[in-house]
Amino acid sequence: HPRAQNLVPLAVAEQVAHHIRQDREFTAYVVVPLAPEGDPASTPMQVMLHWQYHTVQMMYRHIAAALDDVGSARHPTDYLVLLSLGNREPGSSRPDQE
């Protein structure tokens with residue numbers, strides 16, 4: 001996109017789309033902050049979250065278009081997985097240890 005400053009998300013989506021069109025299995029894993037630092041209600045944070053949402057939406061649409069091109073019934077989330085990492089509070093138990 002001509003106005004985008006960070007072209008990495010588009011490059012990831014294009015790489016996934018390329019593999020779909022080549023009929024090759026490929027999954028991209030993207031890690032985003034669970035809760036970015038700062039006041040979530042602040043204007044700068046809301047602007048950042050707004051553009052993050054639109055970026056993810058663009059990536060999934062790009063992948064969905066490639067799936068449509070090849071007539072696949074698979075879902076874009078089969079190819080692009082977004083993960084969030086978070087810190088556990090000290091002393092909290094893991095669900096598998098309860």
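The values are calculated or read from the model by the stated rules, or taken from the named source; none is laboratory data. Source: prediction; values computed, not measured. Backbone-built Cβ (ideal geometry, glycine too); neighbour counts: all protein chains shown.
Quick notes
- Flag: Arg61 does not match the condition of being at pLDDT below 95 and either basic (Lys, Arg) or on the phi > 0 side of the Ramachandran plot (or both).
- All positions within segment 20-47 that are touching a residue at least 24 places away in the same chain (Cβ under 8 Å) and either assigned to a helix (DSSP H, G or I) or exposed (fewer than 10 other Cβ atoms within 10 Å of the Cβ) (or both): Ile20, Arg21, Asp23, Tyr29
- Among the residues of segment 48-90, those identified as under 16 Å from Gln22 (Cα atoms), in contact with a Leu (Cβ under 7 Å, 6 or more places away or on another chain) and either part of a loop (DSSP other than H, G, I, E, B) or touching a residue at least 40 places away in the same chain (Cβ under 8 Å) (or both) are Ile63, Arg74.
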